[in-house]
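The structure appears below as structure tokens.
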Amino acid sequence: MEKYIVKLTKEERENLLSIIRKGKVTAHKLTHARILLAADECEPTRKKTDSEIAEQLHVGLKTIQRVRKKFVEEDLEIALERKQNKNKRLQKINGEVEAHLIATCCSSPPEGRIRWTLKLLSNRLVEMQVIDNVSPATVGRALKKTNLNHGKKKNGVFRQRQMQNLSAIWKMS
């Protein structure tokens, strides 16, 4: 594997030392700063191998290699930052869809059914064109967050208030 040589300027070294002294940044940023300081080859007297740095800082060799590579190919700031997650998904059920979901859940179930199932609720949201498509599991997670429990007998008053609030929301939209 290709070895990336870290040569810090005086300003970069001072910046890293101030980050470590303050200690007001995230743990991975502190670790990356320590890795770069230990890997700096401008001072041959304190030159260490990657395995020595890994043992001293309790990190893996791959981490040291990644930090070195980021520093050489990009710059100091990118080497200190954590990689952004590219697979971040947006929430399917936002506030407006959730209001429709709860209102539907609190309404009477379809003909021939005693109660709403997650599959019925997800199909109903798609029928009402509130959302393009949604799985029953997503509907279940959204309902779990609302703390809506149809199994409790004390649910009556809460349900009436909730229906009043939701009917007001529906009139606004």
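Go through the range 61-84 residue by residue and tally those that are closer than 11 Å to I35 by Cα and without any contact (Cβ under 8 Å) to a residue 40 or more places away in the chain.
5
Can you tell me which residue is surrounded by the fewest Cβ atoms within 10 Å (Cβ to Cβ) among those in the range 1-48 that are modelled with pLDDT of 85 or more and part of a loop (DSSP other than H, G, I, E, B)?
Per the stated criteria, the residue is K24.
Given the conditions (1) at positive phi; (2) touching a Cys at 6+ places or on another chain (Cβ under 7 Å), which single one is not true for K7?
Exception for K7: condition (1).
Could you pull out the residue among V72, V67 that is hydrophobic (A, V, I, L, M, F, W, C) and either surrounded by fewer than 19 Cβ atoms within 10 Å (Cβ to Cβ) or at positive phi (or both)?
V72
Of L36, L30, L17, which residue is in contact (Cβ under 8 Å) with a residue 24 or more places away in the chain and either farther than 13 Å from L57 by Cα or in contact with a helix residue (DSSP H, G or I) (Cβ under 8 Å, 6 or more places away or on another chain) (or both)?
Numbers: L30 fails: in contact (Cβ under 8 Å) with a residue 24 or more places away in the chain; L17 fails: in contact (Cβ under 8 Å) with a residue 24 or more places away in the chain.
The unique qualifying residue is L36.
The values are calculated or read from the model by the stated rules, or taken from the named source; none is laboratory data. Keep in mind that what you see is a predicted model, and the values were worked out from it rather than measured. Cβ: placed from backbone, ideal geometry, glycine included. Neighbour counts: every protein chain shown.
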